[in-house]
Amino acid sequence: MLSKENQMSQTFDVVVIGAGPAGYVAAIRAAQNGLKTACVDNWKNLDGKHAFGGTCLNAGCIPSKALLESSEMFHKAQHELAAHGIQVGNAMMNVAVMQARKSRIVQSLTGGIAALFKSNNVIGIRGTAKLLKNGRVEVTDFDAPDKKDTLETKHVILAAGSEPVELKVAPFDRRDIVDSWGALEFPTAPKRLGVIGGGVIGLELGSVWHRLGSQVTILEAMDNFLFMTDQQIAQTAAREFRKQGLDVRLGAKVTGADKGKSGISVHYEDRDGMHDIEVDKLIVAVGRRPATRNLLEEGTGVKRDPRGFIQVDKECRSGVKNVWAVGDCVRGPMLAHKGSEEGVMVADLIAGRVAEMNYAVIPSVIYTWPEIAWVGKTEEELKTQGVQYKAGTFPFTANGRAKAMEAPVGLVKMLADARSDEILGVHIVGPLASEMIAEAVTAMEFRASAEDLQRTIHAHPTLSEAMHEAALAVDKHAIHAINK
Ligand code: NAD
């Protein structure tokens with residue numbers, strides 16, 4: 001807990017509740033702005049130990065990317081290296097070594113936050129915080145639950161994050177029916193793996209275990225695959241995933257899951273009637289909800305909506321003086337980078353600086369193979385909103401670098417305003433889409449036109465030439481493809 005010299009008799013300028021990517025970034029920025037800052041966090045790892053970093057670092061983005069990378073390497077060794085003339089014989093995967101590597105990466109990054117707190121003079125406190133109605137923050141000690149302190153502070157930033165949604169029809173048992181965290185910890189690849197929810201987590205973790213040998217069935221309730229994604233991109237991705245052997249079943253509503261001797265029997269209904277599948281492990285990945293249940297004492301005045309999100313305006317003010325909220329516990333996409341930028345904005349506003357957040361230009365990425373990344377409006381959204389637009393696409397089959405990488409799959413699609421030529425959306429399915437999207441984000445942040453990107457020189461041979469060509473295709477000027 002607090003050391004003697006830092007005890008609650010001290011008044012803070014800012015107390016941040018939660019040290020995920022929204023909270024820890026807010027705390028560091030606030031301290032950099034000269035504000036006396038504490039950050040309280042109660043994340044408990046499976047070994048019972050505390051670590052800063054929240055879901056993203058401990059049980060989300062970082063460990064999943066580590067496993068995605070390892071499993072992709074394994075897949076390449078098995079299926080791709082031969083095309084380069086490299087013979088590796090029978091590639092074997094040692095899952096324990098893969099998991100140990102993942103844990104080392106996580107530990108080095110979570111330890112890094114503690115070090116960043118120290119060097120920025122943020123006081124990191126291990127404990128569970130609650131906002132009291134008198135504006136103070138009560139902290140229950142991480143190691144001694146009967147020990148409580150109260151912190152005085154001028155500002156509070158709520159950054160409590162989110163937790164997996166549990167399904168009544170398939171409750172977690174933390175061994176066979178698991179959430180995304182449990183799915184990162186399997187000691188071996190299950191023979192038959194079921195996934196409820198064909199969203200970001202379902203596709204990423206389904207891909208990891210599929211590459212390591214699991215037979216994967218994904219049950220998605222919606223009729224449209226990746227309904228929030230541009231449908232041309234979603235359909236291209238769906239084709240690739242099915243080619244790889246991922247069994248994605250759409251319009252599938254799960255009605256129950258029974259554990260028996262031979263595994264878990266999952267029941268679902270689609271337009272053809274009732275069906276059952278047998279699996280050895282079941283991942284439930286049907287979304288996340290804000291983790292705000294025990295965060296506020298009765299009478300603080302801070303409002304939560306019916307789903308538990310803390311209500312805030314576009315500057316993340318809760319409506320109660322000097323109480324702010326950022327990240328997954330407020331409206332908007334549940335993305336680490338969105339939370340971090342809200343944290344920076346709030347820390348700057350508290351310090352009296354000018355700050356704002358451009359909610360229209362937040363990139364999204366799905367780290368499957370091929371990767372999917374987008375920013376701005378989809379073609380479906382533009383149609384619904386009656387916006388006149390021009391569309392340009394360019395396939396990676398016509399990109400030299402993608403061919404050299406043995407990855408000529410997918411396309412870049414650019415949407416621009418028909419009159420002003422401003423770029424309204426960019427959608428990619430293909431190799432390293434996660435990195436390529438940054439160019440589109442920068443362009444849109446500067447309100448670039450398609451012509452601006454057409455006249456920007458892109459190095460050759462690179463994947464980013466596909467972005468250049470998609471911009472040219474907006475005006476039917478692509479050089480290396482037939483303009484439709
Ligand atoms: P999600 O919202 O991406 O997907 C959940 C899917 O489950 C949806 O397609 C939904 O239609 C489906 N679904 C809901 N109830 C169902 C039911 N009863 N049966 C079958 N399908 C059902 O949620 P997620 O994949 O759980 O991810 C949670 C959050 O974490 C998301 O907001 C996501 O953006 C974030 N996340 C982001 C990344 C990334 O940026 N790469 C990675 C992991 C998680």
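When Asp173, Asp179 are checked against the criterion of being under 30 Å from Gly256 (Cα atoms), of a type outside the set (A, V, I, L, M, F, W, C) and surrounded by 14 or more Cβ atoms within 10 Å (Cβ to Cβ), a single residue qualifies: Asp179.
Taken as a whole, the condition of being aromatic (Phe, Trp, Tyr), more than 27 Å from the chain's Cα centre (by Cα) and not assigned by TED's automatic domain parsing to the domain that holds Gly34 does not apply to Tyr367. Within region 302-340, restricting attention to residues that are in contact with a helix residue (DSSP H, G or I) (Cβ under 8 Å, 6 or more places away or on another chain) and outside any loop (DSSP other than H, G, I, E, B), the residue that is farthest from Gln32 (Cα to Cα) is Ile310. Return yes or no: is Ser64 touching a helix residue (DSSP H, G or I) at 6+ places or on another chain (Cβ under 7 Å), closer than 28 Å to Arg293 by Cβ, crowded, with 19+ Cβ neighbours inside 10 Å and in contact (Cβ under 8 Å) with a residue 40 or more places away in the chain? Yes, satisfied.
Against the condition out of contact with any strand residue (DSSP E or B) (no Cβ under 9 Å at 6 or more places or on another chain) and within 16 Å of the ligand (Cβ to nearest atom), how does Ser340 come out, does it pass? So Ser340 fits the description; yes.
Condition check ((1) over 23 Å from Ser162 (Cα atoms); (2) surrounded by fewer than 17 Cβ atoms within 10 Å (Cβ to Cβ)) across all residues:
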position	(1), (2)
Gly194	yes, no
Phe225	yes, no
Gln244	yes, yes
Ala285	no, no
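Residues in region 164-196 that are within 10 Å of the ligand (Cβ to nearest atom), farther than 17 Å from Ser265 by Cβ and of a type in the set (D, E, K, R): Asp179 only.
Here Lys130 fulfils each of the conditions (1) assigned to a strand (DSSP E or B); (2) under 21 Å from Gly60 (Cβ atoms) apart from (2). Of the residues making up region 383-400, none is within 16 Å of the ligand (Cβ to nearest atom), at pLDDT 95 or above and buried (at least 17 other Cβ atoms within 10 Å of the Cβ). Applying the criterion of being within 16 Å of the ligand (Cβ to nearest atom) and farther than 21 Å from Gly53 by Cβ to the residues of region 306-335, the residue that is surrounded by the most Cβ atoms within 10 Å (Cβ to Cβ) is Phe309. Count, please, the residues in region 392-415 that happen to be free of Cβ contacts under 8 Å to residues at least 60 places away in the same chain and within 18 Å of Thr378 (Cβ to Cβ). Of the residues in that region, 2 qualify. Residue selection: Ala77 fails the criterion of being touching a helix residue (DSSP H, G or I) at 6+ places or on another chain (Cβ under 8 Å) and hydrophobic (A, V, I, L, M, F, W, C).
Scanning region 160-217 for residues that are touching a helix residue (DSSP H, G or I) at 6+ places or on another chain (Cβ under 6 Å) and over 30 Å from Tyr24 (Cα atoms) returns Thr188, Ala189, Leu193, Val195, Arg211, Leu212, Val216. If I filter region 46-56 for residues that are under 16 Å from Val323 (Cβ atoms) and either crowded, with 22+ Cβ neighbours inside 10 Å or of a type outside the set (Asp, Glu) (or both), do I get at least one hit? For region 46-56, residues under 16 Å from Val323 (Cβ atoms) and either crowded, with 22+ Cβ neighbours inside 10 Å or of a type outside the set (Asp, Glu) (or both): absent. Considered as a group, the residues in region 141-153 that are in a strand (DSSP E or B) and in contact (Cβ under 8 Å) with a residue 24 or more places away in the chain include one that is surrounded by the fewest Cβ atoms within 10 Å (Cβ to Cβ), and that residue is Thr150. Residues in region 197-212: is at least one in a loop (DSSP other than H, G, I, E, B), near the ligand (Cβ under 10 Å from one of its atoms), under 30 Å from Pro395 (Cβ atoms) and free of Cβ contacts under 8 Å to residues at least 60 places away in the same chain? The answer is yes; a qualifying residue exists. Within region 286-294, is even one residue of a type outside the set (Lys, Arg), part of a loop (DSSP other than H, G, I, E, B) and without any contact (Cβ under 8 Å) to a residue 24 or more places away in the chain? For region 286-294, residues of a type outside the set (Lys, Arg), part of a loop (DSSP other than H, G, I, E, B) and without any contact (Cβ under 8 Å) to a residue 24 or more places away in the chain: absent.
Here Ala160 clears all of (1) in a helix (DSSP H, G or I); (2) under 21 Å from the mean Cα position of the chain (by Cα); (3) among the aliphatic types (A, V, I, L, M) except the condition numbered (1). I'd like to check something: does region 231-246 contain any residue that is within 30 Å of Met357 (Cβ to Cβ), in contact with a helix residue (DSSP H, G or I) (Cβ under 8 Å, 6 or more places away or on another chain), among the polar types (S, T, N, Q) and within 16 Å of the ligand (Cβ to nearest atom)? Yes. Residue count for region 81-140 satisfying the condition of being farther than 30 Å from Pro187 by Cβ, hydrophobic (A, V, I, L, M, F, W, C) and assigned by TED's automatic domain parsing to the domain that holds Ala26: 11.
The values are calculated or read from the model by the stated rules, or taken from the named source; none is laboratory data. Keep in mind the model is a prediction, meaning the values are calculated, not measured. Using ideal geometry, Cβ is built from the backbone for each residue, glycine included, and neighbour counts are taken over all protein chains shown.
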